[in-house]
Structures are given as structure tokens and as C-alpha cells.
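What follows draws every value from the coordinates through simple rules; no lab data is involved. Fair warning: this is a prediction, and the values are worked out from it, not measured in the lab. Neighbour counts run over all protein chains shown; Cβ positions are idealised from the backbone, glycine included.
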Amino acid sequence: MSKLPALRLPLVALAVSLALAGCGGGAAPTTFDLSAPSDFGRVGGSRATLIVAEPTTVQALDSDRMIVRDGSGSLSFLGGAQWADRVPRLVQTRLIQTFENGSRIGSVSRPGERIVPDLQLNTDIRSFNIDAPSGQAVVEITAKLVGDRNGKIQRAKLFSARVPSVAGDGGAAAQALDRALSQVMIEIVRWAGRG
């Protein structure tokens with residue numbers, strides 16, 4: 001009976017020291033944001049009202065961490081770097097802003113903003129990572145335009161871009177992923193904005 005309290009004290013001390021080491025041990029990660037392109041022209045477009053749903057994705061990409069894929073397909077987090085928000089939420093926000101910047105649609109918003117949409121844009125993020133073997137940022141997003149009144153898929157397409165990057169450098173990786181995403185978003189906006 002007297003040995004139980006003696007064992008408990010070292011375990012509590014170990015837990016406290018591990019918690020303290022975790023709090024003050026490492027530097028805070030650098031936070032990166034994504035941009036919404038605005039220099040792709042205002043050519044034509046639809047007058048439709050569009051809702052942009054938050055993209056779906058796999059669990060590994062549904063975070064604020066930067067991901068590196070190695071040659072075997074294993075995923076790891078790029079240490080010392082993070083996004084300003086969860087990737088799906090950040091992509092949704094920048095995609096809405098890209099539509100607004102291009103003036104290629106009547107109005108655009110996210111679900112729940114009290115508009116009656118003509119269409120809904122559903123997207124799925126297939127890839128949003130640095131591919132270590134090729135040294136490239138890879139962004140792949142599927143997009144589906146759904147008639148909001150009838151729920152039928154009107155059009156669907158896969159959009160992808162690859163941009164050279166440096167896998168171990170958070171700043172270079174963020175810039176490359178931002179450029180690749182910008183290419184994909186411009187293509188999605190042009191595609192969705194066709195009458």
C-alpha cells in the first residue's frame with residue numbers, strides 16, 4: 001500500500017516536465033497565407049448567382065499543416081510552417097475572392113449567406129502538397145457545378161497545376177503552392193463563368 005503513492009509522484013513529475021518541455025521547447029511555426037489572383041481579366045461571364053461550398057478532402061489535408069509527399073506516397077508535415085487556416089476553408093475563401101476579382105459571375109457567396117443561388121460549386125481537393133521526388137508543388141481540385149434548384153450536376157472537371165518548389169523550405173513551399181493554387185482557381189473561375 002505504501003508503494004503506490006511513491007510510484008505516483010515520479011509519474012506526475014514526469015508528466016509535468018514533458019508538458020513544460022512541449023510548451024517552451026520549440027519556436028512557433030511560421031504562418032503562411034494564400035492569395036486570390038486578380039490579374040486575369042474581366043472577359044465575358046455569367047450573371048448567375050453562385051454559392052461556393054467548402055471543399056471536401058481527405059483527413060490529412062483537412063488541417064493547417066503543410067504536407068510533403070515522398071516517393072513511397074507517405075505524407076509528412078513540413079516542420080515550422082503552417083497555413084493561416086484549415087486548407088479547405090482557406091481555399092474556399094480565396095476561390096470566392098477570385099470570382100469577385102474577375103467579375104465573371106453575377107454574385108458569389110458561401111452557403112448560409114441568405115441568397116437564392118442559381119448554381120452551387122462543389123469542389124474536392126485531391127492534392128495540395130509538395131511532391132518531394134519531383135520537387136514540385138502539386139494542386140489538384142475537382143469541380144462540379146450543380147443546379148441548385150434541381151440538384152443535377154451540370155458540368156464537372158479536374159483542374160491541376162504543378163510548380164517547382166523546395167521541399168524543405170517552408171517559405172518556398174508556400175509560395176509554390178500559392179502559385180499552383182492561383183493557376184487552378186483562375187481556370188475554375190473561367191470554366192464556371194462560361195454562360
Response to the item:
From fewest to most C-beta neighbours within 10 Å, the residues Phe128, Phe77 line up as Phe77, Phe128
Worksheet item: Stokes-Einstein at 25 °C, 0.890 mPa s, Kirkwood radius from Cα pairs: D for region 29-192 in µm² s⁻¹?
Response: 152
Practice prompt. Take Asp85, project a point 7 Å from its Cα along the Cβ direction, then tell me which residues of region 155-195 have their backbone nitrogen under 17 Å from it.
Written response: 178, 181-182, 185
Discussion item. Test of understanding: extend the Cα→C-beta vector of Gln154 to 7 Å, then name every residue of region 115-144 with backbone N under 11 Å from that spot.
Written reply: 118-121
Worksheet entry | Neighbourhood charge, 15 Å Cβ-Cβ cut-off, centred on Asp131 and excluding it, Lys, Arg +1 and Asp, Glu -1 | +1
